[in-house]
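Input: a single structure, listed below in structure tokens.
The values are calculated or read from the model by the stated rules, or taken from the named source; none is laboratory data. Since this is a predicted model, take the numbers as computed values, not measurements. Using ideal geometry, Cβ is built from the backbone for each residue, glycine included, and neighbour counts are taken over all protein chains shown. Ligands, DNA and RNA are excluded from the accessible area calculation, which covers all protein heavy atoms including side chains. Shrake-Rupley method; radii C 1.70, N 1.55, O 1.52, S 1.80 Å.
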Amino acid sequence: MSLIPVITELLARARADLRMGVPVVLTDDSGFGVLAASAETLSPQRLADLRRLGGEPVVTITGRRAETLKARAYDGDLARVLIPEDADLGWVQAVSDPSDDLSSPMKGPLMTKRQGNAHLHRIAIALAKSARLLPAAIVVQVEDGKTFAADHGLTCIDHTLAAPHLAGRSALHEVVAARLPMEVSEAGRLHVFRPEDGGEEHYAVEIGRPDRDKPVLARLHSACFTGDLMGSLKCDCGPQLRGALAQMGSEGAGVLLYLNQEGRGIGLANKMRAYFLQDQGFDTVEANHRLGFEDDERDFRLGSDILKSLGFNSVRLLTNNPAKIAMMERTGIAVTERVPLKVGETAHNRAYLATKAAKSGHLL
């Protein structure tokens, strides 16, 4: 029946639940089920209710966060940290959030679970990431997950159906396009693309009338609220955005893809957490790792999808990032030229740019 939500709709609902502090149920084909809640948004009352379910609740964190806490990640990419009987919500949040790592070092050692399958815990982490929350979840086993979800009015996610969607990317569809005169060019046009999974929209700014049969001057620009709008001096994003548009306007044609992947794909709140850690002396990559993220969580394939939708198959790419070039080539967009975009260096971001060059391979 078409009124029953499909897996993409259930995943969107689960993300919203986790952001509101509501747990979700995750199940597999064997009938095994767990209750999973975001460590970031969990309330003391819900933590108490989770513990009353019995079983062995754990704080599931990524391998990156486990490395910071010197916790054994028996599951490789994640660790299931056992919660002591006297632990409160403050303890859970201290395991999940690195903000107080230096001022209040963990006493440890943290005990982590070795036995049992962690596949549902992996889904919980992926959901938390896609909801732009800290990558940490409280997970406890429940009997008959589907029945438990129905009895408590909770969203139920099937592992087999969900895993491909969480590992891949959602199809994008153009919603609308309209003329947009801009300072750099009166011949501007804005295209809005919406993903099928209910995620954030992405935009394509078309300057002039680029010839679809020739390589178009293009840039993949990830949203940066602080740099693009607030004029932050901690990064070079704002100058890169304006510089790319100015060059397209000067040449009379181009496409700027504005991808809503704030903070290298971790979201604005987590990006601000990373800034807080940078003020404690960590570089941008180290800060991401302490939070539990990888160096870069963005999916540049979205840019390739949009270009193809607009009818382009080759680009002159405005970038300093070799990863973007490699992605374009892998996904069928020919990069005929790399156009450097070296702008916006300040005393505030010099160390940040040096880290991007040394650890992320940027050509600066």
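Of the numbered criteria (1) under 20 Å from the mean Cα position of the chain (by Cα); (2) surrounded by 18 or more Cβ atoms within 10 Å (Cβ to Cβ), the one Met20 fails is (2). Any idea how many residues of the range 217-231 are in contact with a Gly (Cβ under 8 Å, 6 or more places away or on another chain) and buried (at least 19 other Cβ atoms within 10 Å of the Cβ)? Summing the residues that are in contact with a Gly (Cβ under 8 Å, 6 or more places away or on another chain) and buried (at least 19 other Cβ atoms within 10 Å of the Cβ) in the range 217-231 gives 8. Applying the set (1) assigned to a helix (DSSP H, G or I); (2) open to solvent by 30 Å² or more (accessible area, probe 1.4 Å); (3) at pLDDT below 95 to Met328 leaves exactly one unmet item: (2). Quick test of your reading of the structure: Glu262 fulfils all but one of (1) modelled with pLDDT of 95 or more; (2) over 18 Å from Ser222 (Cα atoms); (3) open to solvent by less than 40 Å² (accessible area, probe 1.4 Å). Name the failing condition by number. For Glu262, the exception is condition (2).
Determine if the range 292-307 includes at least one residue that is more than 21 Å from the chain's Cα centre (by Cα) and in a helix (DSSP H, G or I).
Narrowing the range 292-307 to residues more than 21 Å from the chain's Cα centre (by Cα): 307.
Then drop every residue that is not in a helix (DSSP H, G or I), which leaves 307.
Yes, the range 292-307 contains a residue that is more than 21 Å from the chain's Cα centre (by Cα) and in a helix (DSSP H, G or I).
Which of the following residues is of a type in the set (A, V, I, L, M, F, W, C), within 27 Å of Asn313 (Cβ to Cβ) and within 16 Å of the chain's Cα centre (by Cα): Ala246, Ala223, Ala253, Ala269? If you could, list the steps in order and put the result at the bottom.
Values: Ala246 fails: within 16 Å of the chain's Cα centre (by Cα); Ala253 fails: within 16 Å of the chain's Cα centre (by Cα); Ala269 fails: within 27 Å of Asn313 (Cβ to Cβ).
Checking each option against the conditions leaves just Ala223.
Number of residues in the range 55-83 that are open to solvent by less than 30 Å² (accessible area, probe 1.4 Å) and either free of Cβ contacts under 8 Å to residues at least 40 places away in the same chain or among the hydrophobic types (A, V, I, L, M, F, W, C) (or both): the value is 11. Look at the range 315-337: where a residue is without any contact (Cβ under 8 Å) to a residue 60 or more places away in the chain and a partner is acidic (Asp, Glu) and part of a loop (DSSP other than H, G, I, E, B), sitting 6+ places away or on another chain with Cβ atoms under 8 Å, you get Ala323/Asp296.
Could you check how many residues of the range 265-291 are assigned to a loop (DSSP other than H, G, I, E, B) and open to solvent by 50 Å² or more (accessible area, probe 1.4 Å)? Show your work before the answer.
Here is the first cut: in the range 265-291, the ones assigned to a loop (DSSP other than H, G, I, E, B) are 266-267, 279-283.
If we keep only those that are open to solvent by 50 Å² or more (accessible area, probe 1.4 Å) too, we end up with 279-281.
Residues in the range 265-291 being assigned to a loop (DSSP other than H, G, I, E, B) and open to solvent by 50 Å² or more (accessible area, probe 1.4 Å): 3 in total.
Considering the conditions (1) open to solvent by 50 Å² or more (accessible area, probe 1.4 Å); (2) in a helix (DSSP H, G or I); (3) of a type in the set (A, V, I, L, M, F, W, C), Leu190 is excluded by exactly one of them, (2).
What number of residues in the range 138-162 are in contact with a helix residue (DSSP H, G or I) (Cβ under 7 Å, 6 or more places away or on another chain) and either over 21 Å from Pro57 (Cα atoms) or open to solvent by 40 Å² or more (accessible area, probe 1.4 Å) (or both)? Matching residues across the range 138-162 total 3. Residues that are closer than 18 Å to Ile125 by Cβ and open to solvent by 30 Å² or more (accessible area, probe 1.4 Å) within the range 23-34 comprise just one, Phe32. No other residue among Leu120, Leu133, Leu127, Leu166 is within 25 Å of Val95 (Cα to Cα), open to solvent by less than 80 Å² (accessible area, probe 1.4 Å) and at pLDDT below 95 apart from Leu166.
Could you check, for the range 31-45, whether at least one of its residues is part of a loop (DSSP other than H, G, I, E, B), at pLDDT below 95, within 16 Å of Ala162 (Cα to Cα) and more than 19 Å from the chain's Cα centre (by Cα)? Full working, then the answer.
Start the filter on the range 31-45 by keeping residues that are part of a loop (DSSP other than H, G, I, E, B), which leaves 31-32, 39-43.
Filter once more, keeping what is at pLDDT below 95: 31-32.
Those still in the list that are within 16 Å of Ala162 (Cα to Cα) too: 31-32.
From what is left, the residues that are more than 19 Å from the chain's Cα centre (by Cα) are 31-32.
Looking for residues that are part of a loop (DSSP other than H, G, I, E, B), at pLDDT below 95, within 16 Å of Ala162 (Cα to Cα) and more than 19 Å from the chain's Cα centre (by Cα), one finds at least one in the range 31-45, hence yes.
Could you tell me whether any residue of the range 299-317 is at positive phi and either modelled with pLDDT under 90 or surrounded by 14 or more Cβ atoms within 10 Å (Cβ to Cβ) (or both)? Talk me through it step by step, then tell me what you get.
At the first step, the residues of the range 299-317 found to be at positive phi are 311.
Filter once more, so that each one left must be either modelled with pLDDT under 90 or surrounded by 14 or more Cβ atoms within 10 Å (Cβ to Cβ) (or both): none.
No, the conditions are met nowhere in the range 299-317.
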